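Q: Pasting in a structure now, in structure tokens, and then I'll have a few things to ask.
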Amino acid sequence: MHESLFEGTMRFRKLASMLLAAMALVAPHAARTQATDDAAQKNARQAREALDAMVKALGGRAWLNMQNQMQQGHIAAFFQGNPDLGTEELFEFHEWPDHDRIEVTKHRDVVEFFVGQQGWEVTYRGKKPLDKDIVDDFLRRRDHSIEVAIKVWLKDPNTILIYEGEHTAERHLAEQVTLISPQNEAITILIDVQTHLPLQRIFEWRDPVYHDKNTETEEYDDYHVIDGFPTPFTVTRLKNGDTVRQFYVTHVIYNQNLPADFWDPDAEARKVKK
């Protein structure tokens, strides 16, 4: 049976009334959603501006294109927040993205390599793999460095940027920015509001055995400009609020011409005096 024109008109009016009522209910929610989206975008822009200012302060394009760096200095180890006796001389080399070499003792006869996802130690006894815990700890810190945050995470369009306002770090007023990767990992950076240089880098990770959450912090202080790059000459590492290491830098070199076999632990093992 076909409906009459009157019946069709009444049905249309009823549907229209229902649609208008629904729109009235949805409109405030849509407005709130739009306002939330606008606020999130503004917040992300603030975070990016703070990070861009930090990169510019660190050296801009020259810092982004840095080939390698060497830092020489002394480290003081800590246990439960208290310093152990004495310090140890150290040479740290880094080449982006995943080549690191650490030379220990004044004779530089203990050498650790972290190349890719592997780690080795070379001594007069030859080359041997480093313990898994040592390698995991180093790679975890390297994967959550400021360099990785800027050169990898910030370039990923799926990374979330959060501007968390001004906080205090190392007795300085700082802007706090957090990057959240697509893998739901986070790096927090506190940036001096005046110099725009990083003061702290913080990340958290869960212990695979005990499943408790650990907080790793690195603090940067006593900046000196070396070859155009502001460089912290005091780097303090903390775990769950306790100081575990301080590195007092005495000498820095950027963009060296390193030997072709510099990152090869087998080549280094052949050179070490037996």
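The values are calculated or read from the model by the stated rules, or taken from the named source; none is laboratory data. Because the structure is a prediction, the values reported are computed rather than measured. Please note: Cβ atoms are built from the backbone with ideal geometry, for glycine as well, and neighbour counts cover all protein chains shown.
Q: Of the residues Ala50, Ala57, Ala44, which single one is modelled with pLDDT of 95 or more, in contact with a Pro (Cβ under 9 Å, 6 or more places away or on another chain), closer than 30 Å to Val177 by Cα and among the small types (Gly, Ala, Ser)? Walk me through how you get there before you give the answer.
A: On the way: Ala50 fails: in contact with a Pro (Cβ under 9 Å, 6 or more places away or on another chain); Ala44 fails: in contact with a Pro (Cβ under 9 Å, 6 or more places away or on another chain).
Among Ala50, Ala57, Ala44, only Ala57 is modelled with pLDDT of 95 or more, in contact with a Pro (Cβ under 9 Å, 6 or more places away or on another chain), closer than 30 Å to Val177 by Cα and among the small types (Gly, Ala, Ser).
Q: Take the conditions under 25 Å from the mean Cα position of the chain (by Cα) and in a helix (DSSP H, G or I) and apply them to Leu90. Does it pass?
A: no
Q: Still on this structure, I have one more. Looking at segment 230-272, which of its residues are of a type in the set (S, T, N, Q), part of a strand (DSSP E or B) and more than 25 Å from Arg61 (Cα to Cα)? Write out each step before concluding.
A: Filtering segment 230-272 for residues of a type in the set (S, T, N, Q) gives 231, 234, 236, 240, 243, 246, 250, 255-257.
Subsequent filtering for residues that are part of a strand (DSSP E or B) retains 231, 234, 236, 243, 246, 250.
Of everything in segment 230-272, those that are of a type in the set (S, T, N, Q), part of a strand (DSSP E or B) and more than 25 Å from Arg61 (Cα to Cα) turn out to be Thr236, Thr243, Gln246, Thr250.
Q: Criterion first (of a type in the set (Val, Ile, Thr) and modelled with pLDDT of 95 or more) does Val26 satisfy it?
A: For Val26, the condition - of a type in the set (Val, Ile, Thr) and modelled with pLDDT of 95 or more - is not met.
Q: Can Arg237 be described as touching a residue at least 12 places away in the same chain (Cβ under 8 Å) and more than 19 Å from Leu154 (Cβ to Cβ)?
A: yes
Q: Which residues, taken from segment 206-229, are under 28 Å from Ala57 (Cβ atoms) and either among the small types (Gly, Ala, Ser) or within 16 Å of the chain's Cα centre (by Cα) (or both)?
A: Of everything in segment 206-229, those that are under 28 Å from Ala57 (Cβ atoms) and either among the small types (Gly, Ala, Ser) or within 16 Å of the chain's Cα centre (by Cα) (or both) turn out to be Thr215, Glu216, Thr217, Glu218, Glu219, Tyr220, Gly228.
Q: Now a separate question. Does Arg108 meet the test of being surrounded by fewer than 17 Cβ atoms within 10 Å (Cβ to Cβ) and under 18 Å from the mean Cα position of the chain (by Cα)?
A: So Arg108 does not fit the description; no.
Q: Within the set of pairs 6 or more residues apart or between chains, which connect a residue that is of a type in the set (Asp, Glu) inside segment 250-274 to a residue that is part of a loop (DSSP other than H, G, I, E, B) and modelled with pLDDT of 95 or more with Cβ atoms less than 8 Å apart?
A: So the pair list comes out as Glu268/Asp261.
Q: Next question, about the same structure. Determine which member of the set Leu199, Leu154 is closer than 23 Å to Leu238 by Cβ and touching a residue at least 24 places away in the same chain (Cβ under 8 Å).
A: Details: Leu154 fails: closer than 23 Å to Leu238 by Cβ.
On inspection, the qualifying residue turns out to be Leu199.
Q: Looking at segment 163-195, which of its residues are more than 16 Å from the chain's Cα centre (by Cα) and outside any strand (DSSP E or B)?
A: Glu170, Arg171, Val193, Gln194, Thr195
Q: Still on this structure: Out of everything in segment 133-152 that is part of a loop (DSSP other than H, G, I, E, B) and under 9 Å from the mean Cα position of the chain (by Cα), what residue ends up being surrounded by the most Cβ atoms within 10 Å (Cβ to Cβ)?
A: His144
Q: I need the full set of residues from segment 230-271 which are hydrophobic (A, V, I, L, M, F, W, C) and out of contact with any strand residue (DSSP E or B) (no Cβ under 6 Å at 6 or more places or on another chain), in order please.
A: Initial filter on segment 230-271 (hydrophobic (A, V, I, L, M, F, W, C)): 233, 235, 238, 244, 247, 249, 252-253, 258, 260, 262-263, 267, 269.
If the condition is that a residue be hydrophobic (A, V, I, L, M, F, W, C) and out of contact with any strand residue (DSSP E or B) (no Cβ under 6 Å at 6 or more places or on another chain), then Leu258, Ala260, Phe262, Ala267 are the ones that fit.
Q: Scan segment 111-132 residue by residue and report those that are in contact with a Lys or Arg (Cβ under 7 Å, 6 or more places away or on another chain) and exposed (fewer than 13 other Cβ atoms within 10 Å of the Cβ).
A: Scanning segment 111-132 gives a single hit, Tyr124.
Q: While we're on this one: Tell me yes or no: at least one residue of segment 153-161 is touching a helix residue (DSSP H, G or I) at 6+ places or on another chain (Cβ under 8 Å) and assigned to a strand (DSSP E or B).
A: Checking segment 153-161: at least one residue is touching a helix residue (DSSP H, G or I) at 6+ places or on another chain (Cβ under 8 Å) and assigned to a strand (DSSP E or B).
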